[in-house]
1. Could you list, in sequence order, the residues of segment 346-395 that are among the basic types (Lys, Arg) and part of a strand (DSSP E or B)?
2. Whether any residue in segment 364-378 is aliphatic (A, V, I, L, M), under 30 Å from Glu102 (Cα atoms) and surrounded by 13 or more Cβ atoms within 10 Å (Cβ to Cβ) is what I want to check.
3. All but one of (1) at pLDDT below 90; (2) not in a helix (DSSP H, G or I) hold for Ser220, so report the exception by its number.
4. Scanning segment 281-300 for residues that are within 12 Å of Met100 (Cβ to Cβ) and among the small types (Gly, Ala, Ser), which turns out surrounded by the fewest Cβ atoms within 10 Å (Cβ to Cβ)?
5. Are any residues in segment 364-400 among the hydroxyl-bearing types (Ser, Thr, Tyr) and over 23 Å from Glu326 (Cβ atoms), and if so, which ones?
6. Considering only segment 334-363, state which residues are within 28 Å of Leu230 (Cα to Cα), surrounded by 14 or more Cβ atoms within 10 Å (Cβ to Cβ) and either out of contact with any strand residue (DSSP E or B) (no Cβ under 7 Å at 6 or more places or on another chain) or of a type in the set (A, V, I, L, M, F, W, C) (or both).
7. Starting from segment 347-361, keep only residues that are closer than 16 Å to Met375 by Cβ, then list their pairs with residues that are among the β-branched types (Val, Ile, Thr) and assigned to a helix (DSSP H, G or I) whose Cβ atoms are within a distance under 6 Å, requiring at least 6 positions of separation or different chains.
Amino acid sequence: MIVLGNRRPLSERILPYAYPFAIGLFVVALLCLLFFFLMFRQKTQTSSLLTGSSSLAHDDFEEIGRGVLDLHRPSGQELPDFSEELTLQALNTRPDAKQMEEEGGQPRLLFRFRGNPIPILARSGQTLYLSWEKATTSRKEWNGPPSPISVSHSPTPWKIEPLVIGQQAFIAASAPNETLEILVRKTEEESAICQKPRLANWLKILKAARFWTTDRFLSSYSQTPSQQQLKIGFGKSSAEKVLVITPGQHLFFASGEWQQGSLEQAKRRPLAQLVDQGEASLIFRVWDESGFYHETVTIPALSSEAYSFTKMESLFSALKARNNSEISSVMGKRRIVLKPGDWWIKTCRGWRRLKKRNEIEDYVSFRLLGELFVMDALETFQGRAVMKGYQFDPLRQHMQPFLLPIAEAPGHSNKTYPSTAEKPAVIQEKKSRRAILVPREHKEKSSP
């Protein structure tokens, strides 16, 4: 037989467990509320950051992301003041800089960022992506520009575009929601690439040159008065090479000497441009091959020193008249025939007569240098037949007249010549198609 005892009600049995359960449920509810509160708070912070809040400290950024570049912040902090970060070390200002860049990709700017010693070569309009490391964890300094900045090899939200406008360099900086244009200032510090040309031979040669404007030859023998030409002499006594130039004209250095030519010929060669002219100096703007080095060079005027001309009486001997327009003479060991209009030049090989048209043009254009004498006329001076002429120094700054007596050849004892001694003139002899010199009184007779 089974005896049943008194059983307790179900509510009495559950009651001891209800209190712990309620406490546990309350704790769970609190945890859920705390979780949702934290989620809401984090979402609020992120939203505030994306709408331009600037009140977050450096630690807040570390909690949300890995760095400035990963946040893509469109706030004012996203573009630091690059005017304090960028320094322009060199700018290609050659007249042909744009053409050099378009054809060969020649960079036009050389700049660097503060704290980064590596210079950056860039073409105008080239897009460069940036990256940098955080310089400090201080809240005060975090608002300042980060450093060092460097160029990134992969795309980033930060980019700059160097621009050359005239003789100035600008940087167009941009981020997702912000752009900024900055005028880049030139720094006093120069890079090695800008210092090397100071010792270059082409620069030394130009600085040693001298200029002058006087041309006694053209002023004596030119029919039409011409404007004073600028002559620049190079080498010893400025007489090894002479260039005739005009303001604005370009010179380039090739084959060991300065030459005249177009900008196309001057490409990737040292370049000089005449920018100003004074009574005592010429001002040139010069660039090296890259265009990053440029300098202003002042060329002084050539001092007008006395020239020691060849003594004509020792140069010629046995001057004898052959006919009304020719005389014979001995020059050294050669017997020669002289007539009015002859040009004789002294070279390293001795004296020779200029016969061809191109030789005469070379002399007039200073491509052929040397002391020159011109047989101007056969005349009668103080009752004697003489050969009249003029001598010119190699740079044509000085002119010296001469008269040499002529001995009468047998059969010509009564020969007389005009006694006038007017200024000679240049005429064109169509038969030989070269310029010759004759006295003015014979001009009409010589012209066809």
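The values are calculated or read from the model by the stated rules, or taken from the named source; none is laboratory data. Because the structure is predicted, anything quoted here is derived from the model rather than measured. When we count neighbours, we look across all protein chains shown, and the Cβ atoms used for this are built from the backbone with ideal geometry, even at glycine.
1. First, pick out the residues of segment 346-395 that are among the basic types (Lys, Arg): 346, 349, 352-353, 355-357, 367, 384, 388.
Within segment 346-395, Lys346, Arg352, Arg353, Arg384, Lys388 qualify.
2. The answer is no, given that none of the residues of segment 364-378 is aliphatic (A, V, I, L, M), under 30 Å from Glu102 (Cα atoms) and surrounded by 13 or more Cβ atoms within 10 Å (Cβ to Cβ).
3. (2)
4. Looking at the filtered set, the residue picked out is Ser290.
5. Of everything in segment 364-400, just one residue is among the hydroxyl-bearing types (Ser, Thr, Tyr) and over 23 Å from Glu326 (Cβ atoms), namely Ser365.
6. Trp343, Trp344, Ile345, Lys346, Trp351, Leu354, Glu359, Ile360, Glu361, Asp362
7. Pairs that qualify, where the first residue is closer than 16 Å to Met375 by Cβ and the partner is among the β-branched types (Val, Ile, Thr) and assigned to a helix (DSSP H, G or I), are Leu354/Ile360.
Let's see how each residue does on (1) at pLDDT below 85; (2) surrounded by fewer than 18 Cβ atoms within 10 Å (Cβ to Cβ):
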position: Lys196; (1), (2): yes, yes
position: Gln228; (1), (2): yes, yes
position: Phe234; (1), (2): no, yes
position: Glu240; (1), (2): no, yes
position: Val244; (1), (2): no, yes
position: Leu251; (1), (2): no, no
